[in-house]
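Colleague: Attaching a single structure in structure tokens format; questions to follow.
The values are calculated or read from the model by the stated rules, or taken from the named source; none is laboratory data. Model, not experiment: these values are computed from the prediction. Ideal geometry is used to build each Cβ from the backbone, glycine not excepted, and the neighbour counts take in all protein chains shown. Remember, those area values only see protein heavy atoms, side chains included, never the ligands or the DNA or RNA. Shrake-Rupley method; radii C 1.70, N 1.55, O 1.52, S 1.80 Å.
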Amino acid sequence: EHSFERIGEELERWIQREEGASVILLTDEHPAYVRGLSRVGGLEPLKREGRFEHRRVSARQPRTRSNPLFAVNYLDREVRKDVANHVRETTRGARNVNDLMNRLAIYRVVHNYRKPYRLRPDQRDDRYHAEVAGLLREQIEQEVGESYYTKRRFFTHGLYLAEGWRTWTRMWGTPYGDGQVYFPQFILD
């Protein structure tokens, strides 16, 4: 519920900032999503204006490409397959949430900007996932070229959404942890 409340707050800010923008949020039918979004008072006026809509899809529908939640189901499957902390085994849980979020951020970059869209030999497609989504390869190489792996990124040189900022500054709380484990000084340089 709290995560969806934060998502609703981000959506509200974005829709109000972008004139004429509208958003359709697709989720499954979990009741916590509705409860979290209902706490964001600014979404109601946006709903009445037709600038925000929350559509719910049954999780029992086949997880094929025609399912409106295909992108989410696909990413969930890929993360569970490729990132050890996300498999369905309790012995693989991460001990530190900040490290887990850093691994997930790196995985997201590799999957979207470096992994070929199709890997099967009979359907070879060397475009990256981001290219299929509409980004030009030149844009991808400019942002995530060789310098992405060799040049240090500083917090003051970028624009981050709330969740990215929390990951960059390692502010995710670890349950039953002793608070901040590590806060690198170079972030603020």
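Colleague: Quick one: pull the percent of accessible area on the stretch 4-148 belonging to carbon and sulfur, 1.4 Å probe, ligands and nucleic acids left out.
Modeller: It is 50 percent, rounded to a whole number.
Colleague: Moving to a separate point now. Can you list residues from other chains, or at least 5 along the same chain, whose modelled amide H is less than 5 Å from the amide H of Val23?
Modeller: Correct list: Phe52, Glu53.
Colleague: Where a Cα-Cα gap under 18 Å defines reach, which aspartates and glutamates qualify for Lys47, not counting those fewer than 8 residues away within the same chain?
Modeller: Within the straight-line limit of under 18 Å, Lys47 reaches these aspartates and glutamates: Glu5, Glu9, Glu10, Glu12, Glu18, Glu19.
Colleague: Additional query: Under the rule a/c < 1.5 gives rounded, and otherwise a/b versus b/c splits prolate from oblate, where does the stretch 78-150 land using the Cα gyration tensor?
Modeller: oblate
Colleague: Over the stretch 1-144, give the accessible area per residue in Å² for a 1.4 Å probe, as an integer. Before the final figure, lay out the partial values.
Modeller: Details: 9960 Å² over 144 residues.
Value returned for the stretch 1-144: 69 Å² of accessible area per residue.
Colleague: Against the globular-protein guess of 2.2 N^0.38 Å, express the Cα radius of gyration of the stretch 1-87 as a ratio, rounded to two decimals.
Modeller: Rounded to two decimals, the normalised Rg is 1.23.
Colleague: I've got another one for you. For a protection proxy built on the mean count of beta-carbon atoms within 10 angstrom, sort 108-115, 138-145 highest first, please.
Modeller: Ranked by mean Cβ neighbours within 10 Å, highest first: 108-115, 138-145.
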